[in-house]
Amino acid sequence: MGKSIDNGFTAEDHFHAVKQIKILFRNARQCSIGPDKNGDPNIKAIRRYMAKVELKGGRTANAYITVKEYVRDENKIYSLELKK
């Protein structure tokens, strides 16, 4: 949530987007893929996705979703960050 707030959004905006995570992920496009910045051997790749999200009051934002792809075939959503 800290990055969303640093980017000019409120905690309410962030939680509103998080509640829509399944829809956002379904509509997202992949922006990047790369190795874990800390070199964790259990992580195959870090994938970043982006989707437009409508916030309260008719405002929109770009929701960036970071997913950790693990070697053991389990993928986990790591974070969501709002940007303008």
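The values are calculated or read from the model by the stated rules, or taken from the named source; none is laboratory data. This one's a predicted model, so the numbers in the text were calculated from it and none came from an experiment. Glycine also receives a Cβ, built like all others from the backbone with ideal geometry; neighbour counts cover every protein chain displayed. All accessible areas refer to the heavy atoms of the entire protein, side chains included, with ligands and DNA or RNA removed. Shrake-Rupley method; radii C 1.70, N 1.55, O 1.52, S 1.80 Å.
Can you find, within region 2-12, the residue that is farthest from Arg72 (Cα to Cα) among those that are small (Gly, Ala, Ser) and part of a helix (DSSP H, G or I)? Before you say what the answer is, go through the steps one by one.
First, the residues of region 2-12 that are small (Gly, Ala, Ser): 2, 4, 8, 11.
Among the residues that remain, those that are also part of a helix (DSSP H, G or I) are: 2, 4, 11.
Numbers: Gly2: 29, Ser4: 30, Ala11: 33 Å.
Filtering region 2-12 for residues that are small (Gly, Ala, Ser) and part of a helix (DSSP H, G or I), the one farthest from Arg72 (Cα to Cα) comes out as Ala11.
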Going through region 1-12 one residue at a time, which ones are open to solvent by less than 40 Å² (accessible area, probe 1.4 Å) and within 12 Å of the chain's Cα centre (by Cα)? Ser4
Please specify each residue of region 13-50 satisfying the condition of being closer than 19 Å to Gly2 by Cα, assigned to a strand (DSSP E or B) and open to solvent by less than 50 Å² (accessible area, probe 1.4 Å). Tyr49, Met50
Qualifying positions in region 51-84 - open to solvent by 100 Å² or more (accessible area, probe 1.4 Å), assigned to a loop (DSSP other than H, G, I, E, B) and at pLDDT 95 or above: Arg59
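Take Val71 and decide whether it is among the β-branched types (Val, Ile, Thr) and out of contact with any Pro (no Cβ under 9 Å at 6 or more places or on another chain). Please lay out each step first, then the result.
On the way: among the β-branched types (Val, Ile, Thr): yes; out of contact with any Pro (no Cβ under 9 Å at 6 or more places or on another chain): no.
When the stated conditions are applied, Val71 does not pass them.
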Pairs where the first residue, in region 73-84, is farther than 16 Å from Val18 by Cα and the second is of a type in the set (A, V, I, L, M), C-beta under 6 Å, 6+ apart: Asn75/Val67
Return the residues of region 60-72 that are of a type outside the set (Phe, Trp, Tyr) and over 16 Å from His16 (Cβ atoms); say none if nothing qualifies. Thr66, Val67, Lys68, Glu69, Val71, Arg72
